[in-house]
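K.L.:
Dropping the structure in here first, questions after.
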Amino acid sequence: MAKYKVFDNFLSNSDFIELTNNMSPPTSFNEIVKPNQLGWIYAPGQAKGNWISKVERFEKITNIKPLDPLHQWVFGHVFFIAGYISPVMYILNTLLQKINPLALSRIQANFTVQQEKRGRSGFHIDLGDEPFKHTSPITSIFYMNTTNGPTILEDGTEIECRANRLVSYPHNTYHAGVLCTDQPYRIVINLNYFKDLDFS
């Protein structure tokens, strides 16, 4: 059984509203671009790497099928990775203060758009193709809006996509993101970091 922890209403209402205002896309072409407006980069795939050889292992745990390759794309914004810090990293200050990591490895926001029918990414682990052997980083997902696109863990557990929810699990837990059909978009923040977190 997958080990994980779910924290609802993770940020205070005021902190979450501020983060939402900074993370949400403009609602019209006439909206003034804010200094802390995110720049989203198009990427042609959500998950790549070692999960490809493990597809059969996960076919039996969910009825949600992988996305057609034509739809396996995402808009992303990298906030932090070795050697790079986004100019708007500061908008995550309250989130990071609440998580209180010992060290960061990578932070990336993912923006996917509404689909006609639900489909998922490939099952994968973040930060490479294989789990780390001598360290135990944590993977967390912070959900910016409520949609019907859950995160599926390697044992079939579905974590509902609820606004202001943080889910955390060991880095070596395979997982897949599901695109939504009930909202215009789904935005999540993926965080990989080091912290002494008890999953028992």
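The values are calculated or read from the model by the stated rules, or taken from the named source; none is laboratory data. All figures in this text were calculated on a predicted structure; none of them were measured in a lab. Ideal geometry is used to build each Cβ from the backbone, glycine not excepted, and the neighbour counts take in all protein chains shown.
K.L.:
Does Thr181 qualify as being surrounded by fewer than 16 Cβ atoms within 10 Å (Cβ to Cβ), closer than 25 Å to Pro25 by Cβ and touching a Lys or Arg at 6+ places or on another chain (Cβ under 6 Å)?
P.N.:
yes
K.L.:
Only residues in segment 123-148 that are over 17 Å from Lys3 (Cα atoms) count as the first member; pair them with residues that are at pLDDT 85 or above and among the acidic types (Asp, Glu), Cβ under 7 angstrom, at least 6 apart or cross-chain, and list the lot.
P.N.:
Listed by first residue and then by second, the contacts come to Thr147/Asp182; Asn148/Asp182.
K.L.:
How many of the residues in segment 75-110 are closer than 20 Å to Leu127 by Cβ and among the aromatic types (Phe, Trp, Tyr)?
P.N.:
Adding up the residues that qualify gives 3.
K.L.:
Restricting attention to segment 104-118, which residues are of a type in the set (Val, Ile, Thr) and either at pLDDT 95 or above or crowded, with 18+ Cβ neighbours inside 10 Å (or both)?
P.N.:
Ile107, Thr112
K.L.:
Quick one: would you say Pro170 is over 24 Å from Asp15 (Cα atoms), surrounded by fewer than 21 Cβ atoms within 10 Å (Cβ to Cβ) and in contact with a Phe, Trp or Tyr (Cβ under 7 Å, 6 or more places away or on another chain)? Outline the logic, then answer.
P.N.:
Values: over 24 Å from Asp15 (Cα atoms): yes; surrounded by fewer than 21 Cβ atoms within 10 Å (Cβ to Cβ): yes; in contact with a Phe, Trp or Tyr (Cβ under 7 Å, 6 or more places away or on another chain): yes.
It is true that Pro170 is over 24 Å from Asp15 (Cα atoms), surrounded by fewer than 21 Cβ atoms within 10 Å (Cβ to Cβ) and in contact with a Phe, Trp or Tyr (Cβ under 7 Å, 6 or more places away or on another chain).
K.L.:
Please give the number of the condition Ser14 fails out of (1) over 20 Å from the mean Cα position of the chain (by Cα); (2) assigned to a loop (DSSP other than H, G, I, E, B); (3) at pLDDT 65 or above; (4) loosely packed, with under 14 Cβ neighbours inside 10 Å.
P.N.:
(2)
K.L.:
Out of the residues in segment 92-103 meeting the condition of being hydrophobic (A, V, I, L, M, F, W, C) and either modelled with pLDDT of 95 or more or part of a loop (DSSP other than H, G, I, E, B) (or both), tell me which one is surrounded by the fewest Cβ atoms within 10 Å (Cβ to Cβ).
P.N.:
Per the criteria, the residue is Leu102.
K.L.:
Being farther than 21 Å from Thr94 by Cα, in a loop (DSSP other than H, G, I, E, B) and at pLDDT 95 or above is the filter here, so list the residues in segment 158-175 that pass it. Spell out how you get there, then give the answer.
P.N.:
In the first step, residues of segment 158-175 are kept if they are farther than 21 Å from Thr94 by Cα; the result is 158-160, 170-175.
Those left that are additionally in a loop (DSSP other than H, G, I, E, B): 160, 171-174.
Within segment 158-175, just Glu160 meets the criteria.
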